[in-house]
Structures are given as C-alpha cells and as structure tokens.
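Peer 1: First the structure, which I've put down as structure tokens, then a few questions once you've had a look.
Only the coordinates and a few stated rules stand behind these numbers; no lab work does. Small disclaimer: the values here were computed from a predicted structure and weren't measured. Cβ coordinates were reconstructed from backbone atoms using ideal geometry, including for glycine residues, and neighbour counts include every protein chain displayed.
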Amino acid sequence: MNRRAFLELGGLAALAAHLPVPVRAEAGRAAVAPAAEPADYTIRIGTGLVELAPDRIVSATTYNGQFLGPLLRFEEGRRVVIDIHNDSDTPEQLHWHGQFVPDDVDGAAEEGTPYIPAHGTRRIAFVPGPAGFRFYHTHVRAGGDLHRGQYSGQVGPVYIEPVRNPGAYDREVFLVLKEFEPLFTRGGDVPMDFLAPAGRVAALEEAGEAAMRASLARGMPRGYEVGYRLFSINGRMLGHGDPIRVKEGERVLLHVLNGSATEIRSLALPGHTFRVVALDGNPVPGPREVPVLWLGTAERVSAIVEMTHPGVWVLGDLDDDDRSRGMGVVVEYAGRTGKPQWA
C-alpha cells in the first residue's frame, strides 16, 4: 500500500514562519509566490466546535473553524497561491491528495515537504492537476492519539475544473462522509466465523485467548480496533442538516468522499441507482449503474443520479446502526413532504 492509502507521515523539523516560501519548480508546475501577490485561498488549521446535531457538539481540529473544510475550486492549468496558517500548538502538514504537485508543496514530510510550524504560516503556489475530484487533509501520524491525524476534522474537498467539461448533469452536490468521537474497542464488526465454519468458533476463541495470555506475558499490549460514536455527512447527523432538495427529472452529480481514518463506507438511495462516472476523481472508461456505492478510506466516487422516484428519502449507509447514529442525509423532492423513508 502506498503512503496516501495509509495517510501517514514520519517526522522532520519545522520551518520558520511568516516568510513567503520559494517553491522548487518542477516541470513548470510550481513557482515562487511573492508576498505582495494576493492569495487565491487561505486555510487556517485550528481547534473548533462542530455541531453535528443540537445536542451533539464535538471539539475537533478543523480548517477555517468548520467541518468540512471549505470547498476549493481550481481551474486545470491555472496556477494558484494558498496561504496556510497553523493556529494549533503542534507542527502540521496540509496534503493535496490525488494531485501531481512537487514535493515542496505536496504536504507529506516523508516526501520532503517542510512542516508548517505551530502558530506559523506557509505560502505555497502550484499548478493544480489533474482535473477532477480531489481533497486536502492533514498528513500527520495519529499513533495512539485519536484527536490527531485523520481522526480529526481536517478534511476538505477540492474540485479541479477540466478545460473541457461535457456537463451531462444539471448540478453538483459534494458529500463528505465522516465519523466523530473515535474510541478504542475490542472486537469489531466482523463476526468470529467470518473466515471459518461456525463449529470452529469455540476453538478460535480458545486459541485467541491463549495467544493473548502469551502476548501479555511477553509484555505486549492487547489488540484494539477503533470504533466511533457519531456519524455524519457534511458535518451533520441524519435529520439535523438541510436536505438535498431536488426536482423530478433532475440529473444530480454526487461527488462523494469517504473522509474516514479507518472505515469502509456504503451509500444507497432507495428507488434510485448511481451511474458511476469517476473513481478517485478520474473518469472511468465505461460508466456503470450500481445500486450501492462502496468507498474505502480516502476513496472518492462521482456518480450521476437521475431523480425519477419522487418522495422524501434517506441517502444513507446500509449499516442500520451507523445510519441511526447519523450516517445519512435526507433527499427531498420538490412538493413532497413527510417522514424520510428508508427501504
């Protein structure tokens, strides 16, 4: 697996703050951003409150004091200048996931990108590409700290407008799937007999207990998984955010990002199918109709949904437990009212 799949970095030193940073040119993509040149975007890394629901407010490291981070729209081939302020107490990285950019600005220390020091600033400039749905996120290693790294609220969508866009849709909707309040758990969602007949479960459990006792005797820690208490789409739990309002016959292009640190997610809309046109921002050679979207960590799917089944529906995860704890959003047709339906 490559570094982007694991969203990790190793450590190096911090860079001095407050001065514009020359960016090494690579294939004409990067250049020095003069201090007098206005920034196209400003990103501030800091702690903020995220209101998932009126009675569910969590503290997280965020971009510009919000989750999700602001949508950044770039033009393919047009150079951009971005100021990044680290208002936190620890060095940070801002990684441009899925883009071909020089190491200086990539946002990964193991590739040579300098850290943004605590309470420091870095100015970067690059030519975005390739076109399509990308995103930006932290690239620091969380380790055992579930408030750090990709467990935090540091996720933001990027869309790089292609030079030529066929526009076979009426409008776009960006959706970021994300869990909050991570915790260490023992066990997990996978049943003991997932890879073995039911008759072997007792033997597996006995062997597992023996192995655990042996590991503890050697001073090794018990094994844990990471679970989550709260789930959201675009930073709101199901039923507590604005619905996606649509019209019958409308073609809606959904750009879906799984911003999780660990979870594989599913997404379905009763009575509708998804015509997948891009994976991880890259157009697929043969678009396919599917009833469910499956997304690994950091994966993106762009899919067109034709709104031909009027009603008020839940667009949500197939897992009843995760959906009941927030992993969903309401899709509401014009002129339709009532309780959102899940089938």
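Peer 1: If you plug each phi of the range 108-121 into the Karplus form 6.51 cos²θ - 1.76 cosθ + 1.60 with θ = phi - 60°, what whole-Hz ³J(HN,Hα) values come out, in order, with x for Gly and Pro?
Peer 2: Rounded to whole hertz, the list is 10, 4, 5, 9, x, 6, x, 5, 8, x, 4, 6, x, 9.
Peer 1: What distance in nm separates the two pseudo spin-label positions at D242 and A334, each 7 Å out from Cα along the beta-carbon direction?
Peer 2: 1.6
Peer 1: Order by neighbour count: L146, L257, fewest other Cβ atoms within 10 Å first, most last.
Peer 2: Least crowded to most crowded, the residues run L146, L257.
Peer 1: Oh, and also: Along Cα→Cβ, 7 Å out, is where each label goes; now give me the distance between the ones at R164 and E111 in nm to one decimal.
Peer 2: So the label points at R164 and E111 sit 2.9 nm apart.
Peer 1: Skipping prolines and chain starts, which residues have an amide H placed within reach, meaning under 5 Å, of the one on E75, given they are 5 or more residues away or on another chain?
Peer 2: E161
Peer 1: For a paramagnetic label modelled at 7 Å from the Cα of D87 toward its Cβ, which residues of the range 99-122 fall within the zone defined by backbone nitrogen distances under 13 Å?
Peer 2: The answer is 119-120, whose backbone nitrogens lie closer than 13 Å to the label point.
Peer 1: Estimate the FRET efficiency between L183 and D320 by the formula 1/(1 + (r/R0)^6), using the beta-carbon distance for r and 22 Å for R0, to the nearest 0.05.
Peer 2: Plugging the Cβ-Cβ distance into 1/(1 + (r/R0)^6) gives 0.65.
Peer 1: Moving on. What list of ³J(HN,Hα) couplings, whole Hz, do you get for the range 53-58 from phi and the Karplus terms 6.51, -1.76, 1.60, once you set θ to phi - 60° and write x for glycine and proline?
Peer 2: Once θ is set to phi - 60°, the couplings for the range 53-58 become 7, x, 9, 9, 10, 10 Hz.
Peer 1: Continuing with this model, one more query. Sequence-distant or interchain residues sharing an amide H contact under 5 Å with E299, placed H: which?
Peer 2: Under 5 Å from the amide H of E299: N258.
Peer 1: Simple spin-label model, 7 Å along Cα-to-Cβ: L49 to R78 in nm?
Peer 2: Reported label-point gap for L49 and R78 is 3.7 nm.
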